[in-house]
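The values are calculated or read from the model by the stated rules, or taken from the named source; none is laboratory data. Note that the coordinates shown come from a computational prediction; the quantities given were computed from them, not determined experimentally. All Cβ positions, glycine included, derive from the backbone under ideal geometry; neighbour counts span all protein chains shown. Just the protein is used for accessible areas: all its heavy atoms, side chains included, with ligands, DNA and RNA removed. Shrake-Rupley method; radii C 1.70, N 1.55, O 1.52, S 1.80 Å.
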Amino acid sequence: MSSLDSAVREKILGLVADWKDEPGALLPVLHAVQHALGYVPPDAVPLIAHGLNLSRAEVHGVVSFYHYFRETPPGRHTIHLCRAESCQAMNSRALEAHAKTALGVEFHQTTADGAFTLEPVYCLGNCACSPAVMIDGELYGRVSSERFDELVADWGKR
Ligand code: FES
């Protein structure tokens, strides 16, 4: 029994229909579903598999292979923390440890109050202002632990 409500189900079927005749449709469909819903619900897998004439295992394999795809709903805000070279050279590892402790989550997890999901990212194109963080698409540079806490306090109210 699917847990998807009928509007969500229709949305997914529509996205599958948009792409099903294109070669390599699976990744675009998964991106479109995640863009529309914020994640790829496990119950979407059989619909996508059936629509694209793939096995469920194939679809699930791709969803779980790419860390970009979420199988659970994200928090209200998504924090992307840069782990690429320039940010690492500016001590982003310490910021990462601080962020995980402050939020009480690992990467790809959501805080208990549902406010924040923490995701790694590999270069935000803001290397000159490392370490860099992006929250819901807003970019921040030279983020210290203190600045991180301020940002979390600010975004937590939104
Ligand atoms: S390495 Fe972090 S923004 Fe480029």
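For this structure, a couple of remarks:
- Figure legend. Inter-residue proximity from the range 79-100: first residues open to solvent by 40 Å² or more (accessible area, probe 1.4 Å), second residues acidic (Asp, Glu), beta-carbon distance below 9 Å, spacing 6+ or different chains. Indicated pairs: His80/Glu119; Arg83/Glu96; His98/Asp149; Lys100/Glu106.
- When the range 64-77 is filtered for residues that are under 12 Å from the mean Cα position of the chain (by Cα) and either part of a helix (DSSP H, G or I) or without any contact (Cβ under 8 Å) to a residue 60 or more places away in the chain (or both), the ones remaining, listed by number, are Tyr66, His67, Tyr68, Phe69, Arg70, Glu71, Thr72, Pro73, Pro74, Gly75.
- Each residue in the range 48-89 was checked for being over 30 Å from Leu13 (Cα atoms), among the small types (Gly, Ala, Ser) and touching a helix residue (DSSP H, G or I) at 6+ places or on another chain (Cβ under 7 Å), and 1 pass.
- Check on Thr111, β-branched (Val, Ile, Thr), closer than 29 Å to Val45 by Cβ, touching a helix residue (DSSP H, G or I) at 6+ places or on another chain (Cβ under 7 Å) and modelled with pLDDT of 95 or more: yes
- Scan the range 140-155 for residues that are surrounded by 15 or more Cβ atoms within 10 Å (Cβ to Cβ) and within 14 Å of the ligand (Cβ to nearest atom) and the total you get is 3.
- Of residues in the range 120-137 being under 20 Å from Trp155 (Cα atoms) and of a type in the set (A, V, I, L, M), the one surrounded by the most Cβ atoms within 10 Å (Cβ to Cβ): Ala132
- Qualifying residues in the range 78-108 (those that are away from the ligand (no atom under 16 Å from the Cβ) and within 10 Å of the chain's Cα centre (by Cα)) - the one nearest to Ala153 (Cα to Cα): Thr78
- Search result, residues across the range 113-158 that are free of Cβ contacts under 8 Å to residues at least 24 places away in the same chain and within 17 Å of the chain's Cα centre (by Cα): Gly137, Glu138, Leu139
- Residue match in the range 16-31 (condition: under 14 Å from the mean Cα position of the chain (by Cα), more than 16 Å from the ligand (Cβ to nearest atom) and in a loop (DSSP other than H, G, I, E, B)): no
- Test: Thr117 is under 30 Å from Ala17 (Cβ atoms), open to solvent by less than 50 Å² (accessible area, probe 1.4 Å) and away from the ligand (no atom under 12 Å from the Cβ): yes
- Among the residues making up the range 127-139, those that are within 8 Å of the ligand (Cβ to nearest atom) and among the hydrophobic types (A, V, I, L, M, F, W, C) are Cys127, Cys129, Ala132.
- Condition met for Gly38 (surrounded by 14 or more Cβ atoms within 10 Å (Cβ to Cβ) and either under 15 Å from the mean Cα position of the chain (by Cα) or modelled with pLDDT of 95 or more (or both)): yes
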